[in-house]
Amino acid sequence: MNSEEKSVTPKVQLVEITEENCDQRLDNFLIARLKGVPKSRIYRIVRKGEVRVNKGRVDVKYRLVAGDIVRIPPVRVAERSEESYVPQGLQAALQQGILFEDEGFLIVNKPAGFAVHGGSGVSSGIIEGLRLIRPEAHFLELVHRLDKDTSGCLIIAKKRSALKLLHELFRDNHIHKTYLALLAGQWARKKLVVTAPLLKNVAKGGERMVVISQSGKEAETLFRRVKLFSDSTLVEASPKTGRTHQIRVHAASLGHPIVGDERYGRDDINRGFKGRGYKRMFLHAEKLKFQHPVTGEPLTILAPLPQPLEDLLKHEEQV
């Protein structure tokens, strides 16, 4: 019994930083290394000096350099079985949903209904699923995010160098995103740029909300009408900025919320569409256009609209 206990008792780790983790913040390095350990605990052990870099104390914001020796104290990690249960259906969807892949990154057609990563009461997410089906991959990190109920193009970095380059493309607005959304009601315009600034807020129930506010951050979305139906409108939405819930809030500000949006839409409208088979929010990240960060090759990645949404549109009465 004692020998078994010894085998699972955590020990001090001395980790030498390679190019793969060069320029990564210490806190992010530890969070990835100590999966299952709460962030608050990680910050505490750094603050108390239990984590050392080259035998000295450092701040959590310290950026690692190749050759650094990081001392990681004994920390008991949560059981793996609890931390990363990934349903078979998600694993299959990810296996079949790879839209692009090279040595630096991959783009997957994210299924709706799954968070991009576990946490906050969610046992598993897209990134956990990919790590499970790619056990040989030493580095898989989200380049950007999609809401849980949004499907479509999601970029995952396979190298830290690729993560940095792709973040730069996003920051400089060199990655052009196009979403398909079904708006409630007939939208009379053919094209409109919405520039309402957005402020993150917290509603009474603790649910995270975003509101339009002059004290918020600038946000810009181009809406272009694709098809007009009897009581809904299919649009392309192209966000120039990448604010939380941007398309959803901007669509609602037009008086035409996204069908199935339970946070920013209207309950009575959603109930009506649900009765016709709309079981999820109709928002899909259809297309990404950008130049490959290493080769400079122009890339256009398309994620086909999920078949259930495609089938529902066929039954809509076009005007």
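The values are calculated or read from the model by the stated rules, or taken from the named source; none is laboratory data. Only a predicted model underlies this, so the values are computations on that prediction, with no experimental measurement involved. Cβ coordinates were reconstructed from backbone atoms using ideal geometry, including for glycine residues, and neighbour counts include every protein chain displayed. What goes into the accessible areas is simple: the full protein's heavy atoms, side chains included, and nothing from ligands, DNA or RNA. Shrake-Rupley method; radii C 1.70, N 1.55, O 1.52, S 1.80 Å.
For every other residue with a beta carbon closer than 14 angstrom to the beta carbon of Glu262, add +1 if it is Lys or Arg and -1 if Asp or Glu, then tell me the sum. Walk me through the numbers before you get to the answer.
Numbers: positive: Lys148, Arg208, Arg248, Arg263, Arg266, Arg271, Lys274, Lys279, Arg280; negative: Asp147, Asp149, Glu207, Asp261, Asp267, Asp268.
Summing Lys and Arg as +1 and Asp and Glu as -1 gives +3.
Figure the gain on full extension for Lys39 and Arg276 (residue separation times 0.36 nm, minus the Cα-Cα span) and round it to one decimal in nm. Don't skip to the answer; put the middle values down first.
On the way: separation 237, 0.36 × 237 = 85.32 nm, distance 4.31 nm.
Net length gain for the segment: 81.0 nm.
Which of Asn21, Ile42, Asn54 sits farthest toward the positive end of the charge dipole of region 13-72, with +1 on the Cβ of Lys and Arg and -1 on the Cβ of Asp and Glu?
Ile42
What accessible area per residue, rounded to a whole number of Å², is obtained for region 88-317 using a probe radius of 1.4 Å? All intermediate terms of the calculation are to be shown ahead of the outcome.
Working: 11540 Å² over 230 residues.
Accessible area per residue: 50 Å².
From the helices alone, meaning DSSP H stretches of at least four residues, give me the mean residue ellipticity at 222 nm for the chain, per-run term -39500 (n - 2.57), in deg cm²/dmol to the nearest 500. Each step should come with its number before you reach the end.
Values: 10 runs with 82 residues, N = 319.
Dividing the helical sum by the residues of the chain leaves -7000 deg cm²/dmol.
On a 1.4 Å probe surface of the protein chains, which of Cys22, Cys153 comes out largest in accessible area, and what is the full order?
Cys22, Cys153
Given a 1.4 Å probe, how much area per residue of region 13-72 is accessible, in Å²?
Values: 3460 Å² over 60 residues.
Accessible area per residue: 58 Å².
Please state the relative contact order of the chain as a whole percent: Cα pairs under 8 Å, 6+ residues apart? Numbers along the way, then the final one.
On the way: 614 pairs, mean separation 42.4, N = 319.
Rounded, it is 13 percent for the chain.
Kirkwood Rh over alpha-carbon pairs of region 13-72, then Stokes-Einstein at 20 °C and 1.002 mPa s: what D in µm² s⁻¹, rounded to an integer?
Values: Rh = 11.3 Å.
Roughly 190 µm²/s, to the nearest whole number.
Given a cut-off of under 8 Å on Cα pairs at least six residues apart, what relative contact order in percent is computed for region 13-72?
The value is 54 percent.
When the Karplus curve 6.51 cos²θ - 1.76 cosθ + 1.60 is applied with θ = phi - 60°, which whole-Hz ³J(HN,Hα) does each residue of region 47-61 get, with x for Gly and Pro?
Values, residue by residue: 4, 7, x, 6, 8, 10, 10, 6, 6, x, 6, 9, 7, 4, 7 Hz.
In the neighborhood of Glu317, defined by Cβ-to-Cβ distances under 14 Å, what is the net charge if each Lys or Arg adds +1 and each Asp or Glu adds -1? Each step should come with its number before you reach the end.
Details: positive: Lys227, Arg276, Lys314; negative: Asp231, Glu316.
Here the charged neighbours net out to +1.
Can you give me the long-range amide H partners of Arg263? Hydrogens built in the peptide plane at 1.01 Å from N, cutoff under 5 Å, separation of 5 or more residues or another chain.
none
In sequence order, what are the phi-derived ³J(HN,Hα) couplings for region 155-170 according to the Karplus relation 6.51 cos²θ - 1.76 cosθ + 1.60 with θ = phi - 60°, rounded to whole Hz, with x for glycine and proline?
9, 10, 7, 9, 9, 5, 4, 5, 4, 5, 5, 5, 4, 5, 4, 5
Give, in nm to one decimal, the length gained when the segment between Val319 and Arg52 is fully stretched (0.36 nm per residue of separation minus the Cα-Cα distance).
On the way: separation 267, 0.36 × 267 = 96.12 nm, distance 6.62 nm.
Result: 89.5 nm gained on full extension.
Rank these by accessible area, largest first, 1.4 Å probe: His117, His292, His138. Could you put the intermediate results ahead of the total?
Numbers: His117 70, His292 20, His138 185 Å².
I get His138, His117, His292, largest accessible area first.
Can you give the Rg and Dmax of the chain based on its C-alpha atoms, in angstrom?
For the chain, the Cα radius of gyration and maximum Cα-Cα distance read 22.2, 75 Å.
Under a point spin-label approximation (7 Å from Cα along Cα-to-Cβ), what is the His167-Lys200 distance to one decimal in nm?
1.6 nm
Once the other residues with Cβ under 13 Å from the Cβ of Val116 are scored (Lys, Arg +1; Asp, Glu -1), what is the net sum? Spell out each step's value before the answer.
Details: positive: Lys110, Arg131, Arg145, Lys148; negative: Glu128, Glu141, Asp147, Asp149.
Once all neighbours under 13 Å are counted, the net charge is 0.
Quick one: Karplus J couplings for region 248-256, per residue in order, coefficients 6.51, -1.76, 1.60, θ = phi - 60°, nearest Hz, x for Gly and Pro?
Residue by residue, region 248-256 yields 5, 6, 5, 5, 5, 5, 6, x, 9 Hz.
May I ask you to give the percent of accessible area on the chain that is carbon plus sulfur, with a probe radius of 1.4 Å? Please report the intermediate quantities before stating the final value.
Working: 8550 of 17530 Å².
Of all accessible area on the chain, carbon and sulfur atoms account for 49 percent.
Could you tell me which of Leu254, Pro293, Ser215 has its Cα farthest along the dipole of region 208-319 towards the positive end, charges placed at Cβ (Lys, Arg +1; Asp, Glu -1), taken about the Cα centre?
Ser215
Stokes-Einstein diffusion coefficient for region 223-265 at 4 °C in a medium of 1.567 mPa s, Rh from the Kirkwood formula over Cα pairs: what value in µm²/s?
For these conditions, the coefficient is 118 µm²/s.
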